[in-house]
Structure formats: structure tokens, C-alpha cells
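Below: one structure, written as C-alpha cells.
The values are calculated or read from the model by the stated rules, or taken from the named source; none is laboratory data. The structure displayed is predicted, hence computed values, not measured ones. Don't worry about glycine lacking a Cβ; one is built from the backbone with ideal geometry, like all the others, and counts go over all protein chains shown. Side chains included, ligands, DNA and RNA excluded: accessible areas come from the protein's heavy atoms. Shrake-Rupley method; radii C 1.70, N 1.55, O 1.52, S 1.80 Å.
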Amino acid sequence: VNYMEPATAPETDIVSGWVFAGWDVDFNCITEDTVVTGKYVKESEYARISLNKSRALMYVGNNITLIPAITPTDLSSEAIQWASSDPMIASVDDKGNVVALSAGETIISVTVLSTKETATCTITVTGNSETEIILRNSAVVGFDEERNLRITPSQAHTVADLKSQFENEELIFADRDGTILSDEDSVGTGAIISLIYADVTVDSVIVILTGDFSGDGFVNNKDVVMINQYVLEKRTADRNQMIAIDVNADGYVNNRDCAMLSQYLVDKITL
């Protein structure tokens, strides 16, 4: 090998029940005669990783959660590290929560620190303010996986407040009954935000306000009563209402959700 040049990796042996885990020294820049030794780890002690998705299409403002799986399962507590090849397009936190920030493509990777085994998911983010409702990068609200706009009672949610969260200018807000809302009106569960371009509705999203069963844009005792009625099978709920009244987001609507909403109304918890 010429001085200061990299060496070609030697061939590795295949050893039954063992996994090749790299070399003991780096040989990217050789300055002297160098001996390299291969490292092997027992199959049962070597952590590999995979993700629940290999590709995902997201709109600007969407968020998804990637779920890693480490095998063997008794190594599931191994430390991992997340990364985005372009965090300006989509970011990822240490829980695998991915947020789409701008149009483009990026690769989300998760690596087992002990073995350097890596799994990836290619994220494609699309966004066109003339044809799609797009949240600003600075938005404090976001879309869920069904592309509903999710807001909480603690967030300002008048029409004017929400308009400031979007890149689009030609947005129309209507309540669940289709009545057009003015800038000072509160936006509640079931409200529809529509994007108008050349006098045509080209995109729309539904608003979900956590805890707001009635859709009036407020969370109060009326909603607690309505949730109790639903739990007792004295009232029905549509899909949007079901998402809104699943206050603890566990996939069920029950007395726990009523209790949490009641605690929120007396300032004992936040939503």
C-alpha cells in the first residue's frame, strides 16, 4: 500500500454461529506496516435492527413514528441512535418521531451503537402551496397520520390564529355544519379547512380539537357529559369525534378519558 493511502479490506472468514463485527484498527490511511485482526461476535450476542417502514410519503407538516425492532429480542434494550440525512426536509428525535419540514427526500436511519447495524427509511416529502395545504416550518400544530389537523385546548385556535400556521393564503374555515367561520371564531372538532385556488377547492383537512366532542371550539363540562353519554352508549360519535374524545390517545374511549378531561377543566393536568 502506498504511504498515506487506504488499504483494501482483507477477505473475511465465514464462521458458523458467529458474525463478523469489523476490524480492530482503521486502515484508511496507512503510514506503516499494519496488522489488522477481524472481530467476531456470537450470533446470540449480535444485535441487528429493522424498521416497520422502508419508505414513507409525507406532506409538509405531517408526522409519523418509525418503530425499530432489535433481534435477538433479549438484546432489545441495546442503545440506538437516530439520524436524518437531511434534517431540513424531515427531522427525527430519539423516539423515532419524524416530522416533515419541507419538500424533498431524506433518509432516516437508526443504528445499534454496539454493532453499527443500521436500518433505514426513505422519506419523500411533497408540498405545493397552490394545490396542497402546507404548514409553516414554525407551526406549533401538526397533521396526524390521517392528515387531520390536531390542536389542543391550550393552543390558540381561532381562525386567525390557525391561518398564521399555514403557508397558504387562500384558506376558508367552516364548522362541522358547513357554516363559514370568521377570523375571531374558535375552530373545533370536525371543522374543515379548504384551500381555494382559481375559485376551486383543491385541498382540505379536518380539524381535531382534543376533548371537544361538540365541535363548538371549546372544551368544557358539556364535552365531559357527552363523553359519559357515549361511554354509556346513550350517544354515538363519528370518526372525528372519536379521535377528539380519546383524550389519552390509547385507542379507546372510556372513563379514563372523562376523568382526564375533568382534571383538565380544574387545571390539574394539561392536554
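Residue 260 fulfils the conditions (1) open to solvent by 60 Å² or more (accessible area, probe 1.4 Å); (2) more than 25 Å from residue 59 (Cβ to Cβ) except for a single criterion, (1).
One line per residue, one yes/no per condition, for (1) among the acidic types (Asp, Glu); (2) in contact with a helix residue (DSSP H, G or I) (Cβ under 6 Å, 6 or more places away or on another chain):
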{"residue": "155", "(1), (2)": "no, no"}
{"residue": "174", "(1), (2)": "no, no"}
{"residue": "178", "(1), (2)": "no, no"}
{"residue": "182", "(1), (2)": "no, no"}
{"residue": "185", "(1), (2)": "yes, yes"}
{"residue": "194", "(1), (2)": "no, no"}
{"residue": "203", "(1), (2)": "yes, no"}
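Taken together, the residues in the stretch 110-132 that are within 30 Å of residue 195 (Cα to Cα), out of contact with any Lys or Arg (no Cβ under 9 Å at 6 or more places or on another chain) and either among the hydrophobic types (A, V, I, L, M, F, W, C) or in a loop (DSSP other than H, G, I, E, B) (or both) amount to 7.
Just to be sure before I move on: is residue 190 out of contact with any Ser or Thr (no Cβ under 9 Å at 6 or more places or on another chain), without any contact (Cβ under 8 Å) to a residue 40 or more places away in the chain and either among the small types (Gly, Ala, Ser) or assigned to a loop (DSSP other than H, G, I, E, B) (or both) in the structure I sent? No. Just one residue in the set 245, 227, 193, 208 is crowded, with 21+ Cβ neighbours inside 10 Å and touching a Cys at 6+ places or on another chain (Cβ under 7 Å); that residue is 227.
Before we move on, is residue 113 farther than 30 Å from residue 215 by Cβ and open to solvent by 40 Å² or more (accessible area, probe 1.4 Å)? Judged against the criteria, residue 113 is a match.
Kindly evaluate residue 103 against the criterion of being at pLDDT 95 or above and either farther than 29 Å from residue 210 by Cβ or open to solvent by less than 70 Å² (accessible area, probe 1.4 Å) (or both).
Criteria not met by residue 103.
Enumerate the pairs (first residue in the stretch 152-167 and of a type outside the set (S, T, N, Q); second residue anywhere and part of a helix (DSSP H, G or I)) with beta-carbon separation below 8 Å, excluding pairs fewer than 6 apart on the same chain, so at least 6 apart or on different chains. Qualifying pairs under 8 Å: 153/264. Only residues that are part of a strand (DSSP E or B) and buried (at least 19 other Cβ atoms within 10 Å of the Cβ) were counted across the stretch 151-167, and they come to 2. Sort through 39, 53 and tell me the only one that's open to solvent by 30 Å² or more (accessible area, probe 1.4 Å) and assigned to a strand (DSSP E or B). Checking each option against the conditions leaves just 39. Being surrounded by fewer than 18 Cβ atoms within 10 Å (Cβ to Cβ) and in contact with a Leu (Cβ under 9 Å, 6 or more places away or on another chain) is a description that applies to residue 130. Could we say that residue 75 is closer than 30 Å to residue 127 by Cα and surrounded by 15 or more Cβ atoms within 10 Å (Cβ to Cβ) here? Here the answer is no, as residue 75 does not meet what is asked. Hey, does the stretch 168-187 have a residue that's over 27 Å from residue 88 (Cβ atoms), open to solvent by 50 Å² or more (accessible area, probe 1.4 Å) and under 25 Å from the mean Cα position of the chain (by Cα)? Within the stretch 168-187, not a single residue is over 27 Å from residue 88 (Cβ atoms), open to solvent by 50 Å² or more (accessible area, probe 1.4 Å) and under 25 Å from the mean Cα position of the chain (by Cα).
Screening the stretch 141-150 for residues that are open to solvent by 70 Å² or more (accessible area, probe 1.4 Å) and more than 17 Å from residue 217 (Cβ to Cβ) and picking the one that is modelled with the highest pLDDT gives 146. Within the stretch 78-100, if we keep just the residues that are open to solvent by 50 Å² or more (accessible area, probe 1.4 Å) and in contact (Cβ under 8 Å) with a residue 24 or more places away in the chain, the residue that is nearest to residue 62 (Cα to Cα) turns out to be 99.
If the condition is being among the small types (Gly, Ala, Ser), in a loop (DSSP other than H, G, I, E, B) and under 17 Å from residue 115 (Cβ atoms), then the stretch 1-27 contributes only 17.
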